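Beneath this line is the structure, given in structure tokens, with notes to follow.
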Amino acid sequence: MSSCCETDTRSEGTNKFFSKWSKKYARRFRKGKLEKVQKQLLEGVRSESVAEREILDIGCGVGSLHLTLLAEGASKATGVDISEGMLEQAKKFSEQRNLGAKTSYILGDFVQKAGEIEQADITLLDKVVCCYDDVEALVRKSAEKTRRMYAFSHPRQSFLMKALFKIQIAFCSLFRSGFRPYWHDWSWVRGLVAAQGFQLVYENATIAWQVAVYRRMSDI
């Protein structure tokens, strides 16, 4: 188990890493562009109406996903991110789109902040599970906050993607990077989601990423 000091150091490294990329992500969203994996996540969530639904966007970045759903009728959204730069951009977009009254943002590690966060109808985790070491805690705590739909993306379980991740992990370790990705058994992670009371209702993939959307079985 990591000590508090180790966790804080890792969080700060992740904050700096993603904050450097925040303006690039913001430029893309400002042009109305979404990544293919984001479009697939939204397609899966839209398998039923999002009107009046509450959104929890973990690792929300510049807000692309939850701001899109708010524009489509969702009632409110909470964005959580460890990157100050990403949240700064998300808040700007929210205000520019007159959605400030429907959004709230929390800076920090979701697992550590979970006690401060209310339940939502739809939980989103886009490329988050590969940035977290204790993925079991992340899944369990985020599933507890989810009333209805749980949507996430993860690297494809392939030899090529595993090799690429292992190389990146090795480089991060070699150069003592403050941020590092994590390779997990993605089939096991999906099984963990299902074990929290969810059933797979949609899946899709890009060359590198797999998208899975679940619905709580009590609502099926």
Inset, instruction - Would you check if there is a residue in the stretch 176-191 being of a type in the set (A, V, I, L, M) and surrounded by 17 or more Cβ atoms within 10 Å (Cβ to Cβ)? - result: yes
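Return the residues of the stretch 206-215 that are surrounded by 15 or more Cβ atoms within 10 Å (Cβ to Cβ) and in contact with a helix residue (DSSP H, G or I) (Cβ under 9 Å, 6 or more places away or on another chain); say none if nothing qualifies.
Within the stretch 206-215, the first condition is being surrounded by 15 or more Cβ atoms within 10 Å (Cβ to Cβ), and the residues that meet it are 208-215.
Of everything in the stretch 206-215, those that are surrounded by 15 or more Cβ atoms within 10 Å (Cβ to Cβ) and in contact with a helix residue (DSSP H, G or I) (Cβ under 9 Å, 6 or more places away or on another chain) turn out to be 208, 209, 210, 211, 212, 213, 214.
Yes/no per residue for (1) in a loop (DSSP other than H, G, I, E, B); (2) modelled with pLDDT under 95; (3) among the basic types (Lys, Arg):
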{"residue": "27", "(1), (2), (3)": "no, no, yes"}
{"residue": "41", "(1), (2), (3)": "no, no, no"}
{"residue": "50", "(1), (2), (3)": "yes, no, no"}
{"residue": "57", "(1), (2), (3)": "no, no, no"}
{"residue": "67", "(1), (2), (3)": "no, no, no"}
{"residue": "74", "(1), (2), (3)": "yes, no, no"}
Inset, instruction - Tell me, yes or no, whether the stretch 188-208 has at least one residue that is assigned to a strand (DSSP E or B), in contact with a Phe, Trp or Tyr (Cβ under 6 Å, 6 or more places away or on another chain) and within 24 Å of residue 113 (Cβ to Cβ). - result: yes
Inset, instruction - Mind telling me which of the residues 177, 173 ends up being at pLDDT below 95 and assigned to a loop (DSSP other than H, G, I, E, B)? - result: 177
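For the stretch 96-113, give me each residue that is open to solvent by less than 70 Å² (accessible area, probe 1.4 Å), touching a residue at least 12 places away in the same chain (Cβ under 8 Å) and over 14 Å from the mean Cα position of the chain (by Cα).
Residues of the stretch 96-113 that are open to solvent by less than 70 Å² (accessible area, probe 1.4 Å), as a first pass: 99-100, 103-106, 108-111, 113.
Pick out the ones that are also touching a residue at least 12 places away in the same chain (Cβ under 8 Å) and you get 99, 103-106, 108-111, 113.
Answer for the stretch 96-113, where residues must be open to solvent by less than 70 Å² (accessible area, probe 1.4 Å), touching a residue at least 12 places away in the same chain (Cβ under 8 Å) and over 14 Å from the mean Cα position of the chain (by Cα): 99, 103, 104, 113.
Based on what the data block shows, is residue 104 in contact with a strand residue (DSSP E or B) (Cβ under 7 Å, 6 or more places away or on another chain) and either assigned to a strand (DSSP E or B) or of a type in the set (A, V, I, L, M) (or both)?
Taking the combined requirement at face value, the residue satisfies it.
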Legend entry - Members of the stretch 180-207 that are hydrophobic (A, V, I, L, M, F, W, C) and modelled with pLDDT under 95: 183, 207
Legend entry - Verdict on residue 56 being within 18 Å of residue 28 (Cα to Cα), open to solvent by less than 10 Å² (accessible area, probe 1.4 Å) and either of a type in the set (Asp, Glu) or touching a residue at least 12 places away in the same chain (Cβ under 8 Å) (or both): no
Legend entry - Restricting the stretch 132-156 to residues that are part of a helix (DSSP H, G or I) and under 15 Å from residue 57 (Cα atoms), the residue that is most open to solvent (accessible area, probe 1.4 Å): 144
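The values are calculated or read from the model by the stated rules, or taken from the named source; none is laboratory data. Since the structure is predicted, the reported quantities are computational estimates derived from the model, not experimental observations. FYI the Cβ positions are ideal-geometry reconstructions off the backbone, even for glycines, and counts take in every protein chain you see. The area values use the complete protein model at the heavy-atom level, side chains included, leaving out ligands, DNA and RNA. Shrake-Rupley method; radii C 1.70, N 1.55, O 1.52, S 1.80 Å.
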